[in-house]
Each structure stands twice: as structure tokens, then as C-alpha cells.
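Dropping the structure in here first, questions after.
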Amino acid sequence: MNLNDLIHSTGQWLKGSGPHANIVLSSRIRLARNLTGFNFTNRAQKKDLEAVLALVEQAMGRIALFKDATFFRLHELDNIDRQFLVERHLMSHDHASNPQGKGLIVSKEEALSIMVNEEDHLRIQVMQSGLDLDATWQAIDAIDNALSDQLPYAFLSECGYLTACPTNTGTGMRGSLMLHLPALVMTRQINKVMMAISKLSFASRGFYGEGTQAIGNFYQISNQVALGHSELDIIQNINGLIRQIIEQEEQARQALLVQNRAALEDKICRAWGILKNARVISSQETIEQLSMVRLGIDVGVIQELDHKVINELFIMIQPAHLQKIEGKKLGTAERDTKRGQVSRERWKGNV
């Protein structure tokens, strides 16, 4: 796989399909695993990190599930390529920031990615479109089982999987959903919802996960506790919570339509007009306007578009993607101009 092949492709999680895809952009399950005989990555020496990389690459070559996957050594990628992979949600900012001794495995359809030597030796991730944690779990469980047959996982019967962060010990599992909640934001109910989530031992993060703020009315909700609960218990708890949030968002959308439909339609149509005509536009403004257009599709104000077009644009207008499209480094002003061009051209043939 060449990274340039991904520029104009759509990852599995961006398909805009699956249950409740109007509100749930994606389902993700991540497993933290470490190998026996090696220190955790924050205490490992360079030779140990390289040894882990080699073991994982060799194991990958022996597993049929990885036949269409590519192994990247991060120090061989430049800053733009690493940021490009972050923007596609295939690895974290922390993983990209210090590439020495680190690797990344990416499947052809981008449903699977594995960070090697991030906080843990392995961070296995599977993403699907819509609310579908059950299918996501089945996929990642098969991958985890295949890897465990090839690699010596650090595991204690009384503790579970050993991880660098104590909150991950046990199953080592984090399930997360990316939710689009514009109506809860517009009706000023979002803070109440987020406070309730925190009290139930769930975490809310931004569009790019830990350490990032919510933009474009997107919130990433995940479990905080992995110890003392089975994987299926965690999935059941997350599903129950997410279905409640979906119901609240749907009710808020209906209230907006009933109470002031004209103002909502005006806000949506203005956002669409900006995206179709802007010559210079920042990343933040583009995401905010895309959020409103996505809402417009969901409530029937805009009928000419589908979720896939909007989901793709959320990624395509990010800085590294714009520079990959242009084939060179771009300054902030140049990116804002290129972003306007990409946005305008994207609507051709879709409206």
C-alpha cells in the first residue's frame, strides 16, 4: 500500500452506513497488549523497541488476516505523511510525534490499524461505520486471537492483560463511538449530557480522541474502566448509554424543527452556501459548516446529498490531506485557499 493511494479513497468507517449512521459516525474497539520479556515502551531501550517491531512484523507475515495490510516504520515517513495517518484516525498524535522505534499496520480498507510501541507494545484498533460494536468486536477478537498465537502476550490470570496505564488493565479494551450531536449543542443540553456520562464512568473526548476538544459537534464517547468487566459487558454498557444519547439527540432535533423550523433551515442553507462558494476558509469554519449540512441531510432540509460525501470532506479538508492533494507543503493561507477549492469541487456531481 502506498499512502498516496489513500488520498481519494474512503475508509470503512466513513461509509455513512450501518445502524443509526445519522448520529453515530463510527464504532471503534481498541485493545492494549504488551509482550512478555520487554519493558513497557516508556522504559524500553531503543534495541528493545526495535526487537518488538521485528517480532510484530514477522508475526504479521504468518497471519492470513493481514495479507492485505501494510507495515509502516514511522521514522521512514515524513511529518506530513504521519499527520495524514493521524487525520484518518489510524494512529494517535502521540504516536506520530516521536517516530523512532515505532510502527503502524494498516489494512487495505482502513478498518484495522495497529500502533506498535505507542503507550503499549500493541494498540489494536478496528473501526466500522455506524453503531455496530458487536460486529466490531467480532472482527477485533479474531485478529487478537491470531496475534496471541504468534506473540507472547503479558497476561496474569488474577489481573488480565498487563498494560502501561492501570485503567486499561484487565481486558485492555476501550470501546468508543463518534457521535454527531448538533441539536444537543444548539439546545444547550450537551453539558448536562456530558456530566451524566462522566458520573457513569465514561469519557468524552474530541474528534481526534484523548487531549482534543470537540469540534463540529462531534463527541467521542468511551468506557474508562476495563478491569473487572468482560468485553461483552463493556459493549453492552456502552450500547445502552449510546442508545440513550441517540434518543436525546433525536428529541432535540425534533424540538428544533417544531419550535423554529425557519431559523434552523436558514442556518443549514447558509452553511451549505458557504461551502459551495467560499474561496478562503479555515479548517474550523469548514468543520462547523459541514456539521450543519450533515444535520440538514438528517432532518430532510437537504435531500441532494448523503452522509458519505460529508464524512469524506471532514477528512479531505484537514491540513495534511490538502498538502498530499497538492503534492507539496502549504502555509496556513495556502491551505485555507486550497480548502475552499476542494470544498467547491466536491459538490460538483453531488448536487
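7 Å from Cα along Cα→Cβ at both SER157 and ASN79: what's the point-to-point distance in nm?
5.2 nm
From the alpha carbon gyration tensor of segment 24-161, can you work out the equivalent ellipsoid semi-axes (sqrt of 5 times each eigenvalue) and give them in Å, largest to smallest?
Taking √(5λ) for each Cα gyration eigenvalue gives 21, 20, 14 Å.
Have a look at GLY11, GLY206, GLY273 and tell me which one the Gaussian network model of the chain (Cα, springs below 10 Å) gives the largest fluctuation.
The residue with the greatest mean-square fluctuation here is GLY273.
Here's a follow-up. Return one number: the angle in degrees, 0 to 90 and rounded to the nearest 10, between the long axis of the Cα atoms of helix 46-61 and the longest principal axis of the Cα atoms of the chain.
That helix lies at roughly 80 degrees to the long axis.
For a protection proxy built on the mean count of beta-carbon atoms within 10 angstrom, sort 64-76, 101-113 highest first, please.
Output ranking for 64-76, 101-113: 101-113, 64-76.
Also, quick follow-up: ³J(HN,Hα) across segment 139-156 via Karplus (A = 6.51, B = -1.76, C = 1.60, θ = phi - 60°), whole Hz, x for Gly/Pro?
Per residue, the Karplus-derived 3J(HN,Hα) values read 5, 6, 5, 5, 5, 4, 4, 5, 5, 5, 6, 10, 10, x, 5, 7, 8, 10 Hz.
With θ taken as phi - 60° and the coefficients 6.51, -1.76 and 1.60, list the Karplus ³J(HN,Hα) couplings across segment 321-333 in order, rounded to whole Hz; mark glycine and proline as x.
4, 4, 6, 5, 5, 6, x, 6, 5, 10, x, 4, 5
Loop-only check: which GluC sites (Glu not before Pro) in segment 242-319 are DSSP coil with at most 13 other Cβ within 10 angstrom?
Sparse-neighbourhood loop GluC sites (Glu not before Pro): GLU304.
Taking 0.36 nm per residue of separation and subtracting the Cα-Cα distance, what length does fully extending ASP141 through ILE7 add?
45.3 nm
For segment 259-347, what is the largest minus smallest coordinate of the Cα atoms on each principal axis, given in angstrom and ordered from greatest to least?
Extents along the principal axes: 47, 22, 17 Å.
Now for a different question. In which sequence would ILE325, ILE234 go, from the one with the fewest C-beta neighbours within 10 Å to the one with the most?
ILE325, ILE234
Once you sort the root eigenvalues of the Cα gyration tensor of segment 3-249 as a ≥ b ≥ c, which label holds: rounded (a/c under 1.5), prolate (a/b larger than b/c) or oblate (the other case)?
Judged from the Cα gyration tensor, segment 3-249 comes out prolate (a/c at least 1.5, a/b above b/c).
Now for a different question. Check which residues have an amide H placed less than 5 Å from PHE155's amide H, if you skip close sequence neighbours.
Residues meeting the amide H criterion: LEU162.
Among ARG294, ARG346, rank each residue by its count of other Cβ atoms within 10 Å, from fewest to most, as a rough exposure measure.
ARG346, ARG294
Only helical DSSP H runs with n ≥ 4 go in: add -39500 (n - 2.57) per run for the chain, normalise by residue count and round the 222 nm mean residue ellipticity to 500 deg cm²/dmol.
Mean residue ellipticity at 222 nm (helix-derived): -14500 deg cm²/dmol.
No value in this document is a laboratory result; all are computed from the given coordinates. Not measured: the values here are computed from a predicted model. Every residue, glycine as well, gets a Cβ built from its backbone with ideal geometry; the counts of neighbours run over all protein chains shown.
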